[in-house]
Ligand code: CP3
């Protein structure tokens, strides 16, 4: 982790609990298809995975939104599914359809996966660490560099279902019918991804975000066991965070548990040990802030749909985030990723309003 200079970065100051006005800002999926320069690099790179594994191209697309908008953070360009790929599962991205994996239907497929301590896993991921190293060297000193990975449950749900599945039915069914197997899969992911994030820190990441994009599929108090949210999501994440901090003292970590509701969001920091809670667009930010201690760091919440709408609706949404977090440590962001139809001019309008 970068010391000294790194601790002065605005986003790092907020992650340490300091309220700043205007708040530091970045956007989930800020390097993406709404940007013409991203589409051009993507076409040059070949497949989406080629883009992820080529440090030249991955560095370029990570820097594009920083050059254009001066965001306070750059997020490593990669994908949460490079980890199952490194474990030996077949992963491909089908144009216009999203990710496809050979589904992990039961124990035979699980037995074929690489172990967490197999050096081949990290040889496979070496281009990601090279991208992080080059980014830290090329980014402006004031820009925070974020690494990331998917949370074990979210990654497991893609590994089991083979794709994005409505309500994660295959993963929930397997967790109920073969709980021991899903526990072993989660354990494998906790081990691999703890090491993965430690290596991102060692390569130069200032902080990391753990994406639990499918927390919403986990009922709070029903399912295979009481409190499935703690069982499958928060406790595995807490084990990762403990493991990372044992190796990288003081590591700063944001957890985004999309779809977990007001109650779930309020539980993220106390139950995982994260430094900040990413807030999705469905949560009432003012109500959440009223529930949380003033010292809790929040991030996000602006509805990406309003970034497509633009105009006064967008201005009002920016103002609402500012009002809900005035004098409190908050990192400005969306409540989920920016989507391809978003006009670049609306991103500019949002930032002008925020920084005014
Ligand atoms: O700019 C950034 O945010 C950094 C890069 C990044 C990507 N994916 C690039 C990407 C990050 C942080 C992710 C995380 C990710 N990937 C998540 C968690 C965040 C979330 O959105 O909930 C998930 C669930 C995935 C899995 C994934 N990757 C899906 C479901 C898809 C298809 C959906 C889509 O938007 O197309 C992807 C593809 C993907 N990952 C793209 C990008 C820029 C688009 C693919 C392309 O350019 O062809």
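The values are calculated or read from the model by the stated rules, or taken from the named source; none is laboratory data. Everything quoted here is computed from the prediction, not taken from an experiment. Here the Cβ positions follow ideal geometry from the backbone for every residue, glycine too, while neighbour counts run over all protein chains shown.
Looking only at segment 201-220, residues that are farther than 14 Å from residue 237 by Cα and modelled with pLDDT of 95 or more come to 7 in all. Remark: residue 129 matches the filter, which requires a residue to be surrounded by 18 or more Cβ atoms within 10 Å (Cβ to Cβ) and either farther than 27 Å from residue 30 by Cα or more than 15 Å from the ligand (Cβ to nearest atom) (or both).
Pairs linking a residue in segment 22-40 that is farther than 20 Å from residue 52 by Cβ and touching a residue at least 12 places away in the same chain (Cβ under 8 Å) to a residue that is within 12 Å of the ligand (Cβ to nearest atom) and part of a loop (DSSP other than H, G, I, E, B), with Cβ atoms under 9 Å and 6 or more positions apart or on different chains, are 24/71; 25/71; 25/333. If you filter segment 133-148 down to residues that are in contact with a strand residue (DSSP E or B) (Cβ under 8 Å, 6 or more places away or on another chain), outside any helix (DSSP H, G or I) and more than 9 Å from the ligand (Cβ to nearest atom), you find that the one that is farthest from residue 175 (Cα to Cα) is 139.
Checking each residue in segment 313-355 for being without any contact (Cβ under 8 Å) to a residue 24 or more places away in the chain and more than 22 Å from residue 34 (Cα to Cα) picks out only 316. Could you list, in sequence order, the residues of segment 103-126 that are surrounded by 15 or more Cβ atoms within 10 Å (Cβ to Cβ) and touching a residue at least 24 places away in the same chain (Cβ under 8 Å)? Across segment 103-126, the qualifying residues are 103, 104, 110, 113, 114, 116, 121, 122, 124, 125.
If I filter segment 75-93 down to residues being within 9 Å of the ligand (Cβ to nearest atom) and outside any loop (DSSP other than H, G, I, E, B), which single residue comes out as surrounded by the most Cβ atoms within 10 Å (Cβ to Cβ)? Selected residue: 75. For segment 1-31, the set of residues classified as modelled with pLDDT under 95, in a loop (DSSP other than H, G, I, E, B) and crowded, with 16+ Cβ neighbours inside 10 Å consists of 1, 2, listed by residue number.
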